[in-house]
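The next block holds one structure in the form of structure tokens; read it before the comments.
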Amino acid sequence: MSQLLPSNCTVTYDNENDLSSFILNVKPTEGYWQDGCFKFHIKVTEEYNMVPPIVKCITRLWHPNINETGEVCLSLLRQHSVDGLGWSPIRRLNDVVWGLHALFTDLLNFDDPLNIEAADMYRNSKDEFHRKVSEYVNLYAKE
């Protein structure tokens, strides 16, 4: 999979014999989360590819589409999505990786954010939002 990853993403396995569970590291090179390292645990269940993998962000961060407990709001991770962009059996893990990567380059889904407070802060005060993101990056997302 590593040859298909964005250049600022890496994958590590806790157990090299278990390819169904891995950590995706995303290191944004631009934008609000620049210079942070964000880790996502991805678990591929036996029902894959009929159901999406289970994804949890294990790095604490301030983001409209990721809450502070690590839940991720990304259409393609939903089995049934209102926007029609949800999971389908033709999707691949590579789509998940690129979708998670895009959370740091595109601010998505502000009509239905998971972290409402972060979304409101972004809409109302980008300076305050940037300060809070930077604080979280410095506290929780440095290697």
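The values are calculated or read from the model by the stated rules, or taken from the named source; none is laboratory data. A quick note: this is a predicted structure, and the numbers were derived from the prediction, not measured. Quick reminder, even Gly has a Cβ in these numbers, built from the backbone with ideal geometry, and neighbours come from all protein chains shown.
Quick notes
- Cβ-Cβ distances below 7 Å connect the following pairs, each with a first residue in region 124-143 that is in contact (Cβ under 8 Å) with a residue 40 or more places away in the chain and within 15 Å of Ile66 (Cβ to Cβ), a second residue that is of a type in the set (Phe, Trp, Tyr) and not in a loop (DSSP other than H, G, I, E, B), and a separation of six or more residues or different chains: Phe129/Tyr122; Ala141/Phe38.
- Failed item in (1) in contact (Cβ under 8 Å) with a residue 40 or more places away in the chain; (2) under 22 Å from Ser7 (Cα atoms); (3) crowded, with 18+ Cβ neighbours inside 10 Å, with Cys37 passing the rest: (3)
- If the condition is being in a loop (DSSP other than H, G, I, E, B), touching a residue at least 24 places away in the same chain (Cβ under 8 Å) and within 16 Å of the chain's Cα centre (by Cα), then region 17-33 contributes Pro28, Glu30, Gly31, Tyr32, Trp33.
- Unmet criterion (only one of (1) farther than 14 Å from Tyr140 by Cβ; (2) of a type in the set (A, V, I, L, M); (3) touching a helix residue (DSSP H, G or I) at 6+ places or on another chain (Cβ under 9 Å)) for Val51: (3)
- Residues satisfying the stated conditions in region 60-75, i.e. buried (at least 19 other Cβ atoms within 10 Å of the Cβ) and either more than 13 Å from the chain's Cα centre (by Cα) or within 14 Å of Val133 (Cβ to Cβ) (or both): Leu61, Trp62, His63, Pro64, Asn65, Ile66
- Residue within region 71-86 that is at pLDDT 95 or above, part of a loop (DSSP other than H, G, I, E, B) and more than 19 Å from Leu5 (Cβ to Cβ) present: yes
- Filter pass, Arg131 being part of a loop (DSSP other than H, G, I, E, B), of a type outside the set (A, V, I, L, M) and farther than 24 Å from Glu46 by Cβ: no
- Every residue from region 43-59 that is outside any loop (DSSP other than H, G, I, E, B), over 10 Å from the mean Cα position of the chain (by Cα) and closer than 15 Å to Arg78 by Cβ: Ile54
- Val97, sole failed condition from (1) free of Cβ contacts under 8 Å to residues at least 24 places away in the same chain; (2) assigned to a helix (DSSP H, G or I); (3) not acidic (Asp, Glu): (1)
- Condition met for Leu85 (more than 20 Å from Tyr13 (Cβ to Cβ), free of Cβ contacts under 8 Å to residues at least 40 places away in the same chain and in contact with a strand residue (DSSP E or B) (Cβ under 7 Å, 6 or more places away or on another chain)): no
- Any hit, region 8-16, residues being in a loop (DSSP other than H, G, I, E, B), under 30 Å from Glu128 (Cβ atoms) and within 16 Å of the chain's Cα centre (by Cα): yes
- Phe104 being outside any loop (DSSP other than H, G, I, E, B), aromatic (Phe, Trp, Tyr) and within 24 Å of Pro6 (Cβ to Cβ): no
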